[in-house]
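Okay, structure first, notes after.
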Amino acid sequence: MTNLQQSFREYVKQKNQEKEEITLYNKNRKKLRIDYRNSQQNKEEWKKCVLCFVVDKEGNVIIEHKNNDEKDGCSGHIQSYEVATQAVIRELYEELSIDIEEALQVIHLGNVVINSEETKEELQCFLEVYCLFRDRDTILEYNEKEIKKLEKVPGREFLEQLLNNEIFPCVEAYLPIIMKFVRLYQERFGRKIVLQRERD
């Protein structure tokens, strides 16, 4: 817990100074340099990031509508002083006000390498993907500096949108993660999910 508290303190300090550090790596995950949020990223530079699918007690996945009009799950950068689990717990608190005790229930689904050639976007990152099945009814309070609104999307509909690139680019490496999420979701809610590509 000490490491988590240190992670939160360091991140809040950077936020208050409006200088959030971003560590950049090469494709072999060797550290290249530290820059700041919104700085230009070169093609040979990669970030380490986390993404979490947050599911409420009714089985809806929470989609964040960002202020830049993008749709996303709870996501962010892994800071140089963090491991991925620390980062996802911090992001859940920062973006959705989910406290540490609840966030500790995250389940790691796997990792994805996202490169600009595959997605046709600038972002290149090593992405650790998690899910959190909420066990509380507390209302999510989102960070208005980053998020315009939250949308609750039923599980199957969320997955269809994800596979159709309607949320963010869904590269081939997401498929094992999606299938693991489907198994966990079905175990949790006792609802079978049949995706369009399985019906075709």
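Would you point out the residue of the range 117-142, among those that are at pLDDT below 90 and surrounded by 13 or more Cβ atoms within 10 Å (Cβ to Cβ), that is farthest from the chain's Cα centre (by Cα)? It comes out as Glu118.
Of all the numbered requirements in (1) farther than 18 Å from Leu163 by Cα; (2) modelled with pLDDT of 95 or more; (3) touching a Ser or Thr at 6+ places or on another chain (Cβ under 8 Å); (4) not aromatic (Phe, Trp, Tyr), Cys52 misses one, and that requirement is (1). In the set (1) part of a helix (DSSP H, G or I); (2) within 14 Å of the chain's Cα centre (by Cα), the condition left unmet by Lys180 is number (2). List the pairs whose first member sits in the range 163-189 and is in contact (Cβ under 8 Å) with a residue 24 or more places away in the chain, whose second member is part of a helix (DSSP H, G or I) and surrounded by 13 or more Cβ atoms within 10 Å (Cβ to Cβ), and whose Cβ atoms are under 6 Å apart, counting only residues at least 6 apart or on separate chains? If the second residue must be part of a helix (DSSP H, G or I) and surrounded by 13 or more Cβ atoms within 10 Å (Cβ to Cβ), the pairs left are Ile167/Gln161; Pro169/Thr119; Val171/Glu118; Tyr185/Gly155. Which residue is modelled with the lowest pLDDT, if the candidates are limited to the range 102-116 and must be surrounded by 19 or more Cβ atoms within 10 Å (Cβ to Cβ) and part of a strand (DSSP E or B)? The qualifying residue modelled with the lowest pLDDT is Ile114.
Confirm whether Gln79 is touching a strand residue (DSSP E or B) at 6+ places or on another chain (Cβ under 7 Å), surrounded by 20 or more Cβ atoms within 10 Å (Cβ to Cβ) and part of a loop (DSSP other than H, G, I, E, B). In short, yes.
Any chance you could count how many residues in the range 127-151 are part of a loop (DSSP other than H, G, I, E, B) and of a type outside the set (D, E, K, R)? Qualifying residue count, the range 127-151: 5. Is there a residue being under 24 Å from Phe189 (Cβ atoms), part of a loop (DSSP other than H, G, I, E, B) and out of contact with any Leu (no Cβ under 9 Å at 6 or more places or on another chain) anywhere in the range 83-101? Scanning the range 83-101, I find no residue that is under 24 Å from Phe189 (Cβ atoms), part of a loop (DSSP other than H, G, I, E, B) and out of contact with any Leu (no Cβ under 9 Å at 6 or more places or on another chain), so the answer is no.
Figure legend. Inter-residue proximity from the range 52-78: first residues aromatic (Phe, Trp, Tyr), second residues crowded, with 19+ Cβ neighbours inside 10 Å and outside any strand (DSSP E or B), beta-carbon distance below 8 Å, spacing 6+ or different chains. Indicated pairs: Phe53/Gly73; Phe53/Phe158; Phe53/Phe181. Among all residues of the range 148-155, there is none that is under 25 Å from Val83 (Cβ atoms) and more than 16 Å from the chain's Cα centre (by Cα). The set of residues in the range 82-99 being crowded, with 17+ Cβ neighbours inside 10 Å and more than 21 Å from Arg29 (Cβ to Cβ) consists of Ile89, Leu92, Tyr93, Glu94, Glu95, Leu96, Ile98. Quick check, is Gln105 out of contact with any Cys (no Cβ under 7 Å at 6 or more places or on another chain), within 23 Å of Glu166 (Cα to Cα) and of a type in the set (S, T, N, Q)? When the stated conditions are applied, Gln105 does not pass them. Only one entry of Ile34, Ile22 meets the criterion of being part of a strand (DSSP E or B), surrounded by fewer than 19 Cβ atoms within 10 Å (Cβ to Cβ) and either in contact with a Ser or Thr (Cβ under 6 Å, 6 or more places away or on another chain) or modelled with pLDDT under 95 (or both), and that entry is Ile34. If you go through the range 149-177 and keep only what is surrounded by 14 or more Cβ atoms within 10 Å (Cβ to Cβ), more than 16 Å from Leu195 (Cα to Cα) and of a type in the set (Lys, Arg), you end up with just Lys152.
The values are calculated or read from the model by the stated rules, or taken from the named source; none is laboratory data. Since the model is a prediction, treat every value here as computed from it, not as a measurement. Virtual Cβ from ideal backbone geometry, glycine too; neighbours counted across all protein chains shown.
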